[in-house]
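What follows is a set of notes on a single structure, which appears directly below.
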Amino acid sequence: MTTTLFSLAFGVGTQNRQSNWLEVYYAQPLLQPAADLVAKAAEKLGYSGGNQAIGFTTQQAGDLAEALKGIDAAQAALLTRLAESHQPLVATFLAEDLPLSSTPEAYLKLHLLSHRLVKPHGLNLTGIFPLLPNVAWTSQGAIDLSELPERQLEARLRSELLEVFSVDKFPKMTDYVVPSGVRIADTARVRLGAYIGEGTTVMHEGFVNFNAGTEGPGMIEGRVSAGVFVGKGSDLGGGCSTMGTLSGGGNLVISVGEGCLIGANAGVGIPLGDRNTVESGLYITAGTKVALLDGQNQLVKVIKARELAGQPDLLFRRNSQTGSVECKTHKSAIELNKALHAHN
């Protein structure tokens with residue numbers, strides 16, 4: 001058995017009455033863990049290779065904590081705390097970054113993103129949706145939907161209120177990890193699996209989905225959809241929307257370069273290069289016809305927006321008289337046109 005792993009984490013979670021996992025919390029997930037740590041964990045927990053989620057007891061947690069004291073003090077301390085748990089424990093071993101096969105694996109990869117160990121689109125998340133159960137996220141934690149009515153009744157009989165915050169496959173990120181150096185005005189609007197870079201502010205109407213996020217620093221006042229990664233110093237204006245797929249162009253990672261401004265109620269369906277500006281209210285899809293203008297605002301040619309993907313220093317706007325979408329650049333439009341032909 002190899003002692004080289006892609007990832008390893010020891011977690012505590014919630015199961016329903018059929019012992020199916022609803023969610024898992026990993027306080028200290030590891031990317032490419034040390035070989036001696038892997039060897040000792042495999043020995044104590046019976047890991048034999050491949051991608052596995054292995055349940056273990058509090059006794060095993062204590063034993064492994066002792067074994068790891070001279071190898072990894074932080075993981076040993078975590079396992080000492082896990083040995084006190086009244087909730088089920090799980091060790092998730094990922095030998096390779098393969099399609100997902102269990103709920104604990106899915107939660108580990110979401111943790112890797114939100115702990116900033118891997119950036120969006122750096123993980124294979126194939127099969128994630130069927131493996132994330134739809135759960136009631138409540139003041140008493142995750143509850144299986146079929147068990148919710150009885151739990152609500154039990155709470156009322158104790159003169160308590162069981163509050164249901166949401167019913168969803170994804171929990172909010174801050175119930176699992178709060179990255180350093182960030183501001184999040186409404187934590188319910190950032191899902192576990194979001195990557196929130198140092199210096200990022202997510203305002204009240206901002207939203208960041210899983211497998212998406214910001215490199216930071218920057219301000220998010222609109223929606224960062226799955227598949228979008230926003231570069232440094234960018235500002236997504238209030239109510240803006242960014243898409244993770246190209247209309248008619250197949251799936252594409254939508255990145256937003258450094259220093260971009262996407263105005264209120266604006267959105268993009270193409271990757272933006274550095275220092276791009278999209279005026280308020282303008283939505284650009286891959287197939288949007290764009291009039292390329294020169295320095296004197298004269299038309300050079302009409303192209304599809306996808307041809308401008310990733311180009312720096314662009315201003316996208318809508319002509320208030322004709323309604324056509326226009327693009328200007330700090331470069332001359334002729335120079336940009338030549339660059340586009342060379343690229344194609």
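The values are calculated or read from the model by the stated rules, or taken from the named source; none is laboratory data. From a predicted model like this one, the values you see are computed outputs, not experimental measurements. All Cβ positions, glycine included, derive from the backbone under ideal geometry; neighbour counts span all protein chains shown.
Data overview
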{"quantity": "Residue check, L5 assigned to a loop (DSSP other than H, G, I, E, B) and either in the same structural domain as A142 (by TED's automatic domain parsing) or of a type in the set (A, V, I, L, M) (or both)", "calculated": "yes"}
{"quantity": "Residues within the range 279-292 that are in contact with a Gly (Cβ under 6 Å, 6 or more places away or on another chain) and hydrophobic (A, V, I, L, M, F, W, C), tallied", "calculated": "1"}
{"quantity": "Candidates L31, L110, L78 - the one that is among the aliphatic types (A, V, I, L, M) and closer than 19 Å to P133 by Cα", "calculated": "L110"}
{"quantity": "Criterion: hydrophobic (A, V, I, L, M, F, W, C) and under 22 Å from Y47 (Cβ atoms) - qualifying residue of L145, L123, L157, L153", "calculated": "L123"}
{"quantity": "Criterion: modelled with pLDDT under 85 and either farther than 22 Å from N209 by Cβ or of a type outside the set (A, V, I, L, M) (or both) - qualifying residue of D294, D313", "calculated": "D294"}
{"quantity": "Any hit, the range 256-270, residues being in contact with an Asp or Glu (Cβ under 9 Å, 6 or more places away or on another chain), surrounded by 18 or more Cβ atoms within 10 Å (Cβ to Cβ) and assigned to a strand (DSSP E or B)", "calculated": "yes"}
{"quantity": "The lone exception for D144 - which of (1) closer than 28 Å to T214 by Cα; (2) outside the structural domain of Q32 (by TED's automatic domain parsing); (3) not aliphatic (A, V, I, L, M) it fails", "calculated": "(1)"}
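Yes/no matrix, rows are residues, columns are (1) within 30 Å of C260 (Cβ to Cβ); (2) at pLDDT 95 or above; (3) within 14 Å of the chain's Cα centre (by Cα); (4) not hydroxyl-bearing (S, T, Y):
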| residue | (1), (2), (3), (4) |
| --- | --- |
| A155 | no, yes, no, yes |
| V167 | no, yes, no, yes |
| K172 | yes, yes, yes, yes |
| G181 | yes, yes, no, yes |
| V190 | yes, yes, yes, yes |
| A194 | yes, yes, yes, yes |
| G199 | yes, no, no, yes |
| G227 | yes, no, yes, yes |
| G231 | yes, no, no, yes |
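Residue-by-condition table, conditions (1) surrounded by fewer than 20 Cβ atoms within 10 Å (Cβ to Cβ); (2) closer than 25 Å to D274 by Cβ:
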{"position": "A136", "(1), (2)": "no, no"}
{"position": "E150", "(1), (2)": "yes, no"}
{"position": "V178", "(1), (2)": "yes, no"}
{"position": "G213", "(1), (2)": "no, yes"}
{"position": "R223", "(1), (2)": "no, yes"}
